[in-house]
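As structure tokens, the structure follows; a few thoughts come after it.
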Amino acid sequence: MTDRATPRAPWPLVALGALGLLIVVVPLAGLAWRAPWTDLPSLVSSPVVRDALMLSLVTSVLATLCSVVVGVPLAWLLARVPFPGRRVVRGLITLPMVLPPVVGGAALLFALGRRGLIGEPLAELTGFVMPFSIWAVVVANTFVALPFLVITVEGALLGLDQRYEQAAASLGASRLHVLRRVTLPAIAPSLWAGAVLAWARALGEFGATITFAGNLPGRTQTLPLAVFVSLESDRDTAVAISLVLVAVSLSVLIGLRRRWWSP
């Protein structure tokens with residue numbers, strides 16, 4: 001067996017790739033350079049940071065679970081069932097990806113707020129008011145995170161060889177059984193990828209959360225909101241919280257990336 005020579009990359013691609021890497025690395029390096037490393041343990045262990053971190057983790061995980069529960073069936077319908085207006089539905093689902101987050105938060109407020117389209121009758125019937133509660137954070141996070149899961153899973157379904165599903169169906173398996181035992185295992189890497197992307201988007205959500213859920217410490221203040229508040233009063237704390245966000249996100253993304261991608 002002869003060893004293949006490692007291919008040489010053209011220098012323009014190397015230069016442009018390095019520039020792309022620097023666009024991401026330089027801001028992170030600036031954050032690390034500005035970090036108060038000696039005071040970092042005390043800053044990140046403060047009650048405000050601990051509460052914001054716990055709230056961010058809980059709400060982002062709940063938003064990811066909600067995205068998986070409703071996003072996988074929606075992606076399957078978009079990929080496998082032709083119906084009138086499918087392109088419109090696909091456009092509506094992906095709209096939160098390009099919509100300014102503050103606009104999304106305002107839309108949620110007008111729909112689910114105390115005087116909203118659904119929020120007002122819901123409050124009259126049950127007394128439940130969603131805005132400025134932890135559930136408002138979960139809904140806001142789900143609103144912005146859902147498209148990432150749907151487009152990832154839909155793309156995997158469109159690229160999946162349907163002969164395996166057809167073979168299972170020909171042997172008498174029901175559609176639900178085929179979905180559970182054939183389709184989902186086949187697209188598992190993409191499902192993981194979509195879930196992680198949705199979680200990462202939910203963890204970093206700011207605009208929709210502050211508009212719809214507010215910024216109440218210990219109740220609706222997530223880590224991104226805590227960074228925003230700290231930048232105006234205590235920059236060292238803002239940098240420390242930012243480093244926590246970077247560390248948590250990077251650790252999860254690196255750890256789970258092996259499930260769907262091998263170098």
Taking region 118-129 on its own, how many of its residues are modelled with pLDDT under 90 and assigned to a loop (DSSP other than H, G, I, E, B)?
3
Out of (1) touching a Phe, Trp or Tyr at 6+ places or on another chain (Cβ under 7 Å); (2) modelled with pLDDT of 80 or more; (3) closer than 30 Å to VAL81 by Cα, the one TRP199 does not meet is (1)
Considering every residue within region 133-143, establish whether at least one is among the polar types (S, T, N, Q) and either in a helix (DSSP H, G or I) or surrounded by 21 or more Cβ atoms within 10 Å (Cβ to Cβ) (or both).
yes
Return the residues of region 245-260 that are among the β-branched types (Val, Ile, Thr) and either at pLDDT below 85 or on the phi > 0 side of the Ramachandran plot (or both); say none if nothing qualifies.
VAL248, VAL252, ILE254
Might you check whether a residue that is part of a helix (DSSP H, G or I) and modelled with pLDDT under 90 occurs anywhere in region 62-75?
no
Please pick out the residue among ARG219, ARG180 that is outside any helix (DSSP H, G or I) and modelled with pLDDT under 90.
ARG219
When SER251 is evaluated against the numbered criteria (1) surrounded by 13 or more Cβ atoms within 10 Å (Cβ to Cβ); (2) in a helix (DSSP H, G or I), which criterion, by number, is the only one it fails?
(1)
Is it the case that some residue within region 66-83 is over 21 Å from ALA156 (Cβ atoms) and either touching a Lys or Arg at 6+ places or on another chain (Cβ under 8 Å) or among the β-branched types (Val, Ile, Thr) (or both)?
no
Any residue in region 226-248 that is free of Cβ contacts under 8 Å to residues at least 24 places away in the same chain and in a helix (DSSP H, G or I) sitting within a Cβ distance under 7 Å of a residue that is buried (at least 19 other Cβ atoms within 10 Å of the Cβ) and among the hydroxyl-bearing types (Ser, Thr, Tyr)? List the pairs, counting only those 6 or more apart or interchain.
VAL227/SER242; SER230/THR237; ALA238/SER230
Looking only at region 124-157, which residues are small (Gly, Ala, Ser) and in contact with a Lys or Arg (Cβ under 6 Å, 6 or more places away or on another chain)?
ALA145
Can you report the number of residues in region 85-117 which are in a loop (DSSP other than H, G, I, E, B) and on the phi < 0 side of the Ramachandran plot?
7
What single numbered condition from (1) under 20 Å from the mean Cα position of the chain (by Cα); (2) more than 27 Å from VAL88 (Cβ to Cβ); (3) crowded, with 22+ Cβ neighbours inside 10 Å fails to hold for ALA240?
(1)
Looking only at region 222-236, filter to residues that are polar (S, T, N, Q) and modelled with pLDDT of 85 or more; which one of those is surrounded by the most Cβ atoms within 10 Å (Cβ to Cβ)?
THR222
Any residue in region 100-124 that is touching a residue at least 12 places away in the same chain (Cβ under 8 Å) and crowded, with 18+ Cβ neighbours inside 10 Å sitting within a Cβ distance under 7 Å of a residue that is hydroxyl-bearing (Ser, Thr, Tyr) and not in a helix (DSSP H, G or I)? List the pairs, counting only those 6 or more apart or interchain.
none
Would you mind finding the one in VAL81, VAL24, VAL49 that is in contact (Cβ under 8 Å) with a residue 24 or more places away in the chain and β-branched (Val, Ile, Thr)?
VAL49
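The values are calculated or read from the model by the stated rules, or taken from the named source; none is laboratory data. All of these numbers come straight from a predicted model, not from anything done at the bench. Cβ sites come from the backbone with ideal geometry, for glycine too, and all protein chains shown count toward neighbours.
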